[in-house]
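The values are calculated or read from the model by the stated rules, or taken from the named source; none is laboratory data. All figures in this text were calculated on a predicted structure; none of them were measured in a lab. Because the Cβ atoms are built from the backbone with ideal geometry, glycine has one as well, and the counts that use them run over all protein chains shown.
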Amino acid sequence: DTHPPLPPLGAIPPDLRSLADYERRAVAHMAPPCWTYLQEGSGDDITLRENRAAFDRIGLLPRVLADLRGGSTRVTMLGQSHAAPILLAPVAYQRIAHPEGELATMRAATAMGIGMVLSTLASETLEDVAAARAAAARDLGTAPAPLWFQLYAQETREQTLALVRRAEAAGHEAIMLTVDASIKRASFALPPGVEAANLRGTARPAQTAQALGRILLGTPLADAAPRWDDIAWLRGETRLPLLLKGIMTPQDAREAVRHGVDGIVMSNHGGRVLDGMPSPLTMLPAIAEAVAGEATLLLDSGVRRGTDVVKALALGASAVLVGRPQVHGLAVAGMAGVAHALLILRTELEHAMAQLGCATPGEIGPEHLFVRA
Ligand code: FNR
């Protein structure tokens, strides 16, 4: 496994060498309102900018002449094997970028052995995405990549549980409940043919406080927003690993552990929620200390380079997730674009590990970091 096979890349333009190249290219492949929805932050974009700045403030210290024989980026998380400590973050409505939407993203993830987290608000159903994974694994002769379901609490527990049962039945291997609220700056009208496929037939689909981010105090939407007792309830309802996404403080991380979650995803939702939040990277040392190994710690928001992955792992994360870059790849070249973007990121990670003298992700530690004065 030290040299995983190359995904079928088709005709990728040769000038695409980084995730930033994909971002620059993608704008020409998407309708302007969709591009704005994908890229936007919230408020004055302070958090959106900080997500990059926090990674850039940390330096790396190389080690030479280390024994790298038999090394690999592969990791085991929640009992599953991942080709790298990288996952595709849940990103809604991927058909805005490409007609094959999440089906293409799933094929790319399978080709790369990279786990995918499917959004409640996906434009393809969770069953169709699971079937696409099985078909792609068959066609490519690979193992199916991990597939996790991102859950938004619905108006009633019955509706929420129905989604969990469907994810279980379709073979999704973990539930990631998102507990922050995305606030859309502009009201975004979905283009024709794009809908929340998982919520088809639901009364008032996606009209949940979490999905719309309109938690106005004293309104029915605030009444429907999930609370800690809902976490205790959900924990008791499923045997799948349960992760909470959108945790940003040591206090909430402890509370999550106390409620028996298996994993915590530190995230500021890519700068799309409360403006002024720090980068999860900045909070990582304090949260890693609070969690003390009692839950798997993941992180997203601003990851764009293999060196970013290294920095997150050095500070205590088990893996990172990437949000917008998967959609940039999808918009530029469909399945091949997503696979190529993932290949770039994993290759950058391999190079960074080699320069740090780390044969495995587990060898990356704080001793490899240099914090500028
Ligand atoms: C998101 N994100 C998100 N998160 C989630 O839990 N459910 C969802 O449906 C969505 N949808 C979504 C749509 C779009 C267009 C974006 C940009 C983001 C948040 C996502 O999972 C992740 O936290 C961020 O995207 C990570 O930041 P980067 O990698 O985009 O900087």
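At a glance:
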| quantity | calculated |
| --- | --- |
| Filter result (of a type in the set (A, V, I, L, M) and either more than 9 Å from the ligand (Cβ to nearest atom) or modelled with pLDDT under 95 (or both)) within segment 108-117 | 108, 109, 111, 112, 114, 116 |
| Pairs with Cβ under 8 Å, 6+ apart, first in segment 85-104 and within 14 Å of residue 198 (Cα to Cα) and away from the ligand (no atom under 13 Å from the Cβ), second in a helix (DSSP H, G or I) and among the β-branched types (Val, Ile, Thr) | 103/129 |
| Single residue of 350, 367 found to be part of a helix (DSSP H, G or I), more than 21 Å from residue 265 (Cβ to Cβ) and touching a Ser or Thr at 6+ places or on another chain (Cβ under 7 Å) | 350 |
| Whichever residue in segment 261-272 is under 17 Å from residue 53 (Cβ atoms) and in contact with a Leu (Cβ under 6 Å, 6 or more places away or on another chain) and, among such residues, is nearest to the ligand (Cβ to nearest atom) | 271 |
| Matching residues in segment 95-127 - criterion: being within 12 Å of residue 147 (Cβ to Cβ) and surrounded by fewer than 22 Cβ atoms within 10 Å (Cβ to Cβ) | 127 |
| Within segment 323-339, tally of residues that are more than 15 Å from the ligand (Cβ to nearest atom) and surrounded by fewer than 24 Cβ atoms within 10 Å (Cβ to Cβ) | 2 |
| Residue within segment 34-53 that is more than 12 Å from the ligand (Cβ to nearest atom), buried (at least 18 other Cβ atoms within 10 Å of the Cβ) and aliphatic (A, V, I, L, M) present | no |
| Pair list, Cβ under 7 Å, 6 or more apart: segment 159-181 residue farther than 14 Å from residue 242 by Cβ and of a type in the set (A, V, I, L, M), other residue in a loop (DSSP other than H, G, I, E, B) and within 14 Å of the ligand (Cβ to nearest atom) | 181/213; 181/273 |
| Tally, over segment 14-58, of residues that are over 18 Å from the mean Cα position of the chain (by Cα), outside any helix (DSSP H, G or I) and in contact (Cβ under 8 Å) with a residue 40 or more places away in the chain | 11 |
| Where a residue in segment 349-365 is of a type in the set (Ser, Thr, Tyr) and its partner, wherever it lies, is modelled with pLDDT of 95 or more and buried (at least 16 other Cβ atoms within 10 Å of the Cβ), with Cβ under 7 Å and at least six apart | 360/71; 360/72 |
| Test: residue in segment 221-238 that is away from the ligand (no atom under 15 Å from the Cβ), modelled with pLDDT under 95 and buried (at least 18 other Cβ atoms within 10 Å of the Cβ) | yes |
| Among the residues listed as 195, 127, 158, the single one being under 30 Å from residue 47 (Cα atoms), at pLDDT 95 or above and acidic (Asp, Glu) | 195 |
| Residues located in segment 276-285, provided they are touching a Gly at 6+ places or on another chain (Cβ under 7 Å) and either without any contact (Cβ under 8 Å) to a residue 24 or more places away in the chain or within 12 Å of the ligand (Cβ to nearest atom) (or both) | 279 |
| Members of segment 69-80 found to be over 20 Å from the mean Cα position of the chain (by Cα) and surrounded by fewer than 16 Cβ atoms within 10 Å (Cβ to Cβ), listed by number | 69, 70 |
| Residue under evaluation residue 139, criteria (1) closer than 27 Å to residue 32 by Cα; (2) free of Cβ contacts under 8 Å to residues at least 24 places away in the same chain, criterion not met | (1) |
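The rows are residues; the columns are (1) in a helix (DSSP H, G or I); (2) within 15 Å of the ligand (Cβ to nearest atom); (3) not small (Gly, Ala, Ser).
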position: 274; (1), (2), (3): no, yes, yes
position: 287; (1), (2), (3): yes, no, yes
position: 302; (1), (2), (3): no, yes, no
position: 310; (1), (2), (3): yes, no, yes
position: 321; (1), (2), (3): no, yes, yes
